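Starting off with a structure, shown below.
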Amino acid sequence: MRSHTRRKLLQYAGATTSIGLTGCLDGLSGSSSGDVVRARYIGQEPEAEWLEEQSDAFEAETGIEVEHEFLTWADVPDSQVTDIQAGTGPDVDHIASTFLPQQANAGGWVDLSEFEGALPDRGGFFDQVTDIMDYDGQIHGVPWFWGPLGYLEYDPLIERAGIDGQPDDWDELVEQGRAFQQEFPEKHLYAMMGVSWELPRAFITFLWQNGGEVADEETNEIRFHSQEGVEALNFWKDLLVEEEIMPGQIAEWGVDEFNGALINEDVGAIMQDLSPVDQYLDRGEADLDDFTIGRLPAGPTGDRSTFFGMEGLGIRPWSNKKEDAAEWIAWLTRPEANAEFADRIGLLPTVEEAFDLPQFEDELSQSFHDDVLPDARHYPMIPGLSELEGELANSIGTWLEDVVTGNWEEGRSEEILNEAAEVSQELVDQAQSS
């Protein structure tokens, strides 16, 4: 690796206080690294070496030098907001899909629909991820990686319980869960993550499958507290308490404990991507053929929706190197680079052609592509989305704690959704007006 006169890997330190976005970008100060393109990423410091290798190859081919900066997730809201307010910061920045409406409304991204730089062909990406970047009549960025979830099953354990095939719908999920418990009284058939940001995502998966909606994308009216939402929460409660198909420990498990539940055969299946499979294989206790990934069980309406989070890359409006920034984004989203990076971080490439490359040509990945990805959905892109998700995370967390500690009472699901909806509507209305 070549040495550079500039230090290319910078850790960006940000504050953690909430800051509004009103009155932004009145005057742009621009980026301040001479002829170097500054690129910033969220949560990707472990991939700093890979990014530098890529930028070295990019510079050798184009003559454009890229300097990398990194944010932690805790720094994101305030650091990016402060930059938008000041009109200064990196040329290329990381887009978290739930923060996009807030930042787009503040004019924080270049509209790529009118940009003539060297950007990748949008037709090469999955439709769902390009739809997220199209907000309020503008294209705000390029999709980089995403994380839909499927029904990941460890087949040997399921087969020992006498179960054949994955559950087709909620009723079959309950039936299989009962059969599994008869064979393994100390184990559970299925688990979903129940902490942090996974809480609202688990809830809205059930909500969608039951025919409900989070909000109206046209009017911004909150709708998750409908009867469909109440029924969705109550079904989740029944899986935990009445049927014991899910373990109550999901209210405490982080991602390592959650994946470990499958790896240690405490559960037979989880709602997850393929990341635990490599961990299982590394232990030498299983083969790739021992796993099946499929669609989530359908709700009463036949809906099999699964939530996906998505992250992308965009260009800040103050950049005086927009064309060079676009070339760097195009470089990172080439099928080869997209596949390699997604594989490294345990998520999925947004470029469809990347699934034809060695990292994703195995049968599990192809099943994910063919069966799971068509069901993937995201939150409605409305003002105040990140605040809405935060309110849902807190409210569903309180609800889940009541359920697993035996403090849930009849009517509690409706009560907590109504309270969350009232607060969420205020947050959305405030974001829209500002």
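The values are calculated or read from the model by the stated rules, or taken from the named source; none is laboratory data. Here the structure is a predicted model, which means the values were calculated and not measured. Heads up, the Cβs are rebuilt from the backbone with ideal geometry, glycines too, and the neighbour counts pull from every protein chain shown.
Which one of these is touching a residue at least 12 places away in the same chain (Cβ under 8 Å) and either small (Gly, Ala, Ser) or closer than 19 Å to Gly147 by Cα (or both): Ile250, Ile245, Ile204?
Ile204
So in the range 124-162, with the set limited to residues that are in the same structural domain as Lys321 (by TED's automatic domain parsing) and more than 24 Å from Gly346 (Cα to Cα), which one is surrounded by the most Cβ atoms within 10 Å (Cβ to Cβ)?
Filtering the range 124-162 for residues that are in the same structural domain as Lys321 (by TED's automatic domain parsing) and more than 24 Å from Gly346 (Cα to Cα), the one surrounded by the most Cβ atoms within 10 Å (Cβ to Cβ) comes out as His140.
Here's a follow-up. Can you pull out every residue in the range 196-216 that is crowded, with 17+ Cβ neighbours inside 10 Å, in a loop (DSSP other than H, G, I, E, B) and hydrophobic (A, V, I, L, M, F, W, C)?
Scanning the range 196-216 gives a single hit, Val214.
Report yes if Ala326 is over 19 Å from the mean Cα position of the chain (by Cα) and in the same structural domain as Ile64 (by TED's automatic domain parsing), otherwise no.
yes
What are the residues in the range 164-182 that are in contact (Cβ under 8 Å) with a residue 12 or more places away in the chain and either within 21 Å of Gly260 (Cα to Cα) or assigned to a loop (DSSP other than H, G, I, E, B) (or both), if any?
Hits for the range 164-182 are Gln166, Pro167, Asp168, Gly177, Phe180, Gln181.
Is one or more of the residues making up the range 88-96 in contact (Cβ under 8 Å) with a residue 12 or more places away in the chain, assigned by TED's automatic domain parsing to the domain that holds Arg334, surrounded by fewer than 23 Cβ atoms within 10 Å (Cβ to Cβ) and among the polar types (S, T, N, Q)?
yes
When you go through (1) under 22 Å from Met192 (Cα atoms); (2) touching a His at 6+ places or on another chain (Cβ under 7 Å) one by one for Ala421, which number turns out not to apply?
Going through the list (1) under 22 Å from Met192 (Cα atoms); (2) touching a His at 6+ places or on another chain (Cβ under 7 Å), Ala421 breaks only (1).
Working carefully through the options Ala106, Ala191, find the one that is out of contact with any Ser or Thr (no Cβ under 7 Å at 6 or more places or on another chain), modelled with pLDDT under 95, surrounded by 18 or more Cβ atoms within 10 Å (Cβ to Cβ) and not β-branched (Val, Ile, Thr).
Only one candidate passes the filter, namely Ala106.
Could you list all residues from the range 293-346 that are touching a strand residue (DSSP E or B) at 6+ places or on another chain (Cβ under 7 Å), hydroxyl-bearing (Ser, Thr, Tyr) and under 23 Å from Glu61 (Cβ atoms)?
Within the range 293-346, Thr333 is the sole residue that qualifies.
So, in the range 17-53, of the ones that are in contact with a Pro (Cβ under 8 Å, 6 or more places away or on another chain) and of a type in the set (S, T, N, Q), which residue ends up modelled with the lowest pLDDT?
My answer is Ser18.
Pull up the range 333-362, narrow it to residues that are surrounded by 24 or more Cβ atoms within 10 Å (Cβ to Cβ) and assigned to a helix (DSSP H, G or I), then point me to the one that is nearest to the chain's Cα centre (by Cα).
Asn338
Name the strands (runs of 3 or more DSSP E) wholly inside the range 51-158 in which the number of residues that are farther than 30 Å from Asn264 by Cα is 1 or more.
Qualifying strands (runs of 3 or more DSSP E): 66-71, 92-96, 142-146.
Could you check the range 217-232 and list, in sequence order, the residues that are over 20 Å from Glu172 (Cβ atoms), outside any loop (DSSP other than H, G, I, E, B) and touching a residue at least 24 places away in the same chain (Cβ under 8 Å)?
Hits for the range 217-232 are Ile222, Gly229, Val230.
Which of the numbered conditions does Val255 fail, given that it passes all the others? Conditions: (1) surrounded by fewer than 20 Cβ atoms within 10 Å (Cβ to Cβ); (2) in the same structural domain as Pro90 (by TED's automatic domain parsing); (3) of a type in the set (A, V, I, L, M).
Exception for Val255: condition (2).
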